[in-house]
Amino acid sequence: ELNLVYKYSLILVIPIGLFIFAYSFLLIKLMFGNEYALGSDAMKILIIGVIFYTLAQVNQYVLAGLGKPNLSAKLMVIISLFNFVGNLILIPNYGIYGAALMTTLSYILGLILSLIYLRKLIKLKIEYKKWAKLFLLGCIFLLSIYLLNNILTFNELNKMIITLIIFRRKFFRMKEP
């Protein structure tokens with residue numbers, strides 16, 4: 001069932017995405033150096049978009065599996081044009097943040113449009129309440145990370161490692177809400 005794919009995709013992507021969200025500055029600094037760490041706020045915007053992108057990709061694969069690759073391609077053209085025009089508007093005024101925001105909005109648009117197309121092709125009842133519960137759990141998870149980081153007095157890398165150790169069960173044993 002497609003709702004199971006949505007659920008398990010969100011169970012996987014939300015905690016990992018929000019962990020990256022919480023430690024974006026440190027992760028960029030470790031991987032690319034101090035000069036790129038200022039891009040962490042843009043990365044946070046993109047991480048939110050990636051959660052929506054994951055669900056949109058599931059829908060893209062279902063459309064292709066239903067023998068409708070033309071709809072999938074049409075979707076990609078619409079989303080790309082939306083992103084392109086939005087980037088022309090936002091990047092001159094907001095730079096990297098405008099680009100990140102537009103990409104995230106494009107992913108959200110992709111999810112919405114792919115759901116509309118799928119609902120026309122198959123009987124699809126989206127379990128929005130479960131999605132909302134998973135997002136709420138993700139917000140609680142993120143809040144827990146921030147609270148834990150305020151309590152701990154270690155350097156950022158050690159805080160990240162300790163957070164991973166404490167919440168590792170949440171990554172791999174998150175139960176259905």
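Just to confirm the number: angle between the C-alpha axis of helix 69-121 and the first principal axis of the chain, 0 to 90 degrees, nearest 10? Between helix and principal axis, roughly 50 degrees. Annotation: peptides 78-84, 120-126, 65-71, ranked by per-residue average of other Cβ atoms within 10 Å with the highest first, follow the order 78-84, 65-71, 120-126. In this structure the amide hydrogen of L124, modeled in the peptide plane, comes within under 5 Å of no amide hydrogen from residues 5 or more places off or on another chain. Taking 32 Å as the limit for the C-alpha separation, the pairs K44/K125; K44/K129; K29/K68; K44/K123; K29/K74; K44/K133 exceed it in the case of K29/K68; K44/K123; K29/K74.
The length gained by stretching the chain between K125 and L4 to full extension, at 0.36 nm per residue less their Cα-Cα distance, is 42.4 nm.
Spread over its residues, the convex hull of the C-alpha atoms of the chain is 129 Å³ per residue. Post the alpha-carbon centroid distance, the stretch 55-96 to the stretch 1-39, in whole angstrom. Cα centres, the stretch 55-96 to the stretch 1-39: 21 Å. For the chain, the longest principal axis of the Cα atoms and the long axis of helix 40-65 meet at an angle of about 30 degrees.
Between 0 and 90 degrees, the angle of helix 156-173 with respect to the longest Cα principal axis of the chain falls at about 50 degrees. Would you kindly calculate the translational diffusion coefficient of the stretch 77-177, applying Stokes-Einstein with the Kirkwood radius from alpha carbon pairs, for 10 °C and a viscosity of 1.306 mPa s, and quote it in µm² s⁻¹ without decimals? Answer from the Stokes-Einstein relation: 93 µm²/s. If the segment from I116 to V77 were pulled out straight at 0.36 nm per residue, it would be longer than the present Cα-Cα gap by 12.5 nm.
Comparing the stretch 87-144 with the 2.2 N^0.38 Å rule of thumb, its C-alpha radius of gyration ratio is 1.54 (two decimals).
Kindly report the accessible area of the chain per residue (heavy atoms of protein chains, probe 1.4 Å, no ligands, DNA or RNA), in Å².
Result: 60 Å² per residue.
Multiplying the residue separation of N149 and I166 by 0.36 nm and removing their Cα-Cα distance gives an extension gain of 4.9 nm.
One quarter of the surface of the convex hull around the alpha-carbon atoms of the stretch 1-59 equals 4.0 nm², the direction-averaged projected area.
The values are calculated or read from the model by the stated rules, or taken from the named source; none is laboratory data. Source: prediction; values computed, not measured. Quick reminder, even Gly has a Cβ in these numbers, built from the backbone with ideal geometry, and neighbours come from all protein chains shown. Quick note on the areas: whole protein, heavy atoms, side chains included, nothing else; ligands and nucleic acids left out. Shrake-Rupley method; radii C 1.70, N 1.55, O 1.52, S 1.80 Å.
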